[in-house]
Structures are given as structure tokens and as C-alpha cells.
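The values are calculated or read from the model by the stated rules, or taken from the named source; none is laboratory data. The structure presented is a predicted model; accordingly, all values stated were derived computationally and were not measured. Glycine also receives a Cβ, built like all others from the backbone with ideal geometry; neighbour counts cover every protein chain displayed. Heads up: the accessible areas ignore ligands, DNA and RNA and are worked out on the full protein's heavy atoms, side chains in. Shrake-Rupley method; radii C 1.70, N 1.55, O 1.52, S 1.80 Å.
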Amino acid sequence: MAKEAGTIVALAVEAVMVFYCLAGTTLAKEVRDVFLALDRSLDDGRRQVARIVGRDTSELSHEEVRKAALETLAENLSDGVVAPLFWFSVGGLPAMMGYKMINTLDSMIAYHSPRYLRFGTVAARVDDVANYVPARLTALLMILVARRPRLLSFVVRHGSRHASPNSGWPEAALAGILGCRFGGPHKYFGETFYKPYIGENDRPLSTADMMAAVAINRRVEILSVVLIVITQLYCFLFFDL
């Protein structure tokens, strides 16, 4: 009886920790707020999007603010949801927490600037390795929930164009689903970096695109959790046998 109670407590604690390691809901709200702020004024939109991106937002146009928000939404689906769950399935809570530390360090110091360049490079490379499989898995799940299997070749073709070996995959999936184009010049710490374009249709983005992107994220989150639960139940029953 005591053993069963201990198991239940351990599972409850683990479930809580997993919940707090996922960041999909928070960013979806932030992206909605960016589009709402942009409806008020360009300055409000720039200030709001600065909360979720690392680039300089002071000179972004209306369209660039929208693109920045949706690019971040796609990338965070991998970093904030699929990757933590993937590592949880690989090594349980320790692996998941280890991934979160790696990803947080990458967000804090992995910048192309004189201050961070030397030691930030190590954090970026470790993060690249940790996200290699999850980024591609995220793109695949996005295609599946959108019921657009023909986009697989599009994602493979455009996903590798990004400066990051991983970020381009979920961005390419979202660009294909929405029929839009991401990428282009971005400013970081006063320097302009030219990111290759992902997608082919350079059309204006709208609130409807944001709602569609958030819906895709939600479906991927749900599918990811369902897959993890099924995997964990299978492993529990298998080892219990």
C-alpha cells in the first residue's frame, strides 16, 4: 500500500514538473497580444513583439512584426513543447530538465556579438544537437495535424535554408501551411544579419493567419502529449509484465 502511494505521489510530482516545462500556451497568448497591439499602433506592436524575440524591433514594419511573431511561434513549438516531451520520452524527467537548461542557456548567451561570441558558441552548438531530432519531428507533426502530407518535400527543401540547423524546419512547415514567406534581414545588437527566405509567397500576413498558426500549435501540443501518454503507458505495462 505504501509503495503504491509513493508511486502515485511520484507520478503526480512528475506530471507537475512536465507541465511547468512546457511553454506552448504562454507563447500563443503572447503572439495573440502582438497582433492585438499592432491593431492599436505600430509602436505598440513593436514593443509587444520585443517581449518574445531577440532581434531589434525598433524599426520593424507592420509586416515584419507579424512575421517575427509567427516565426517565433513556430520555433517555440519545437523548443518549448515537442523537444521537452521528446527528451522526457528518452530519459524521463532528468533528461527533460537537462534539455530545458541547455535551451535556456542558448537563449541567454548564444548571440553573434562581441560579448557572447566565444562562450555563447558552445551553448549554441549543444542546443543544436539537443534540438536536431525534435525540430524535424515538430515539422512532421505540423504537417500531419494540418493534413498536408504533400508539404513534406517543401519542408525538406526550405527547412535547411535557415542559418540554424533546426529553426528552419518548423518555420518551413508553418510557411507551407499558411502559404507565406519568412526570413529576410534582421537586426541583432546593432548589426544586420540576412537570413535566407523560407517559403515562396511573399504575401501580407493577417490575424486569420495568426489564428491558424495558433490552432496548428494547439493540435501539435495535444498530439504530442497523447503520444507521450501512450508511450509511457506501453512502457509501464511492458516492464510490469
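The rows are residues; the columns are (1) touching a residue at least 40 places away in the same chain (Cβ under 8 Å); (2) under 16 Å from Asn76 (Cα atoms).
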site	(1), (2)
Ala146	yes, no
Arg150	no, no
Val155	no, no
Ser160	no, no
Ala163	no, no
Trp169	yes, yes
Gly176	no, no
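Residues in the range 61-100 that are in contact (Cβ under 8 Å) with a residue 60 or more places away in the chain, among the acidic types (Asp, Glu) and either within 18 Å of Val220 (Cα to Cα) or not in a helix (DSSP H, G or I) (or both): Glu71, Glu75. Looking across the range 53-80 at every residue that is hydroxyl-bearing (Ser, Thr, Tyr) and farther than 19 Å from Arg181 by Cβ, the one that is most open to solvent (accessible area, probe 1.4 Å) is identified as Ser58.
Can you tell me which residue in the range 201-225 is surrounded by the most Cβ atoms within 10 Å (Cβ to Cβ), limited to those that are of a type outside the set (S, T, N, Q) and part of a loop (DSSP other than H, G, I, E, B)?
Leu205
Among the residues that make up the range 45-52, is at least one of them β-branched (Val, Ile, Thr), modelled with pLDDT of 90 or more, part of a loop (DSSP other than H, G, I, E, B) and open to solvent by 10 Å² or more (accessible area, probe 1.4 Å)? Yes, the range 45-52 has at least one match. In the range 122-139, the qualifying residues are those that are at pLDDT 90 or above, among the aliphatic types (A, V, I, L, M) and surrounded by fewer than 17 Cβ atoms within 10 Å (Cβ to Cβ), and the one that is nearest to Ile228 (Cα to Cα) is Val133.
Restricting attention to the range 81-100, which residues are within 22 Å of Ile143 (Cα to Cα) and crowded, with 22+ Cβ neighbours inside 10 Å?
Within the range 81-100, the first condition is being within 22 Å of Ile143 (Cα to Cα), and the residues that meet it are 81-87, 89.
Val81, Val82, Ala83, Pro84, Leu85, Phe86, Trp87, listed by residue number.
Report, by residue number, each residue of the range 116-160 that is outside any helix (DSSP H, G or I) and under 17 Å from Gly179 (Cβ atoms). Before the answer, list the steps.
At the first step, the residues of the range 116-160 found to be outside any helix (DSSP H, G or I) are 116, 146-148, 160.
Residues satisfying the conditions are Ala146, Arg147, Arg148.
Could you identify the single residue in Ile228, Ile177, Ile143, Ile198 that is open to solvent by less than 40 Å² (accessible area, probe 1.4 Å) and more than 30 Å from Leu38 (Cα to Cα)? Let's see the steps before the verdict.
On the way: Ile177 fails: more than 30 Å from Leu38 (Cα to Cα); Ile143 fails: more than 30 Å from Leu38 (Cα to Cα); Ile198 fails: more than 30 Å from Leu38 (Cα to Cα).
None of the others qualify; the one that does is Ile228.
If you go through the range 64-87 and keep only what is among the β-branched types (Val, Ile, Thr) and either within 19 Å of Val126 (Cα to Cα) or within 8 Å of the chain's Cα centre (by Cα) (or both), you end up with Thr72, Val81, Val82. With respect to (1) assigned to a loop (DSSP other than H, G, I, E, B); (2) at pLDDT below 95, the lone exception for Pro185 is condition (1).
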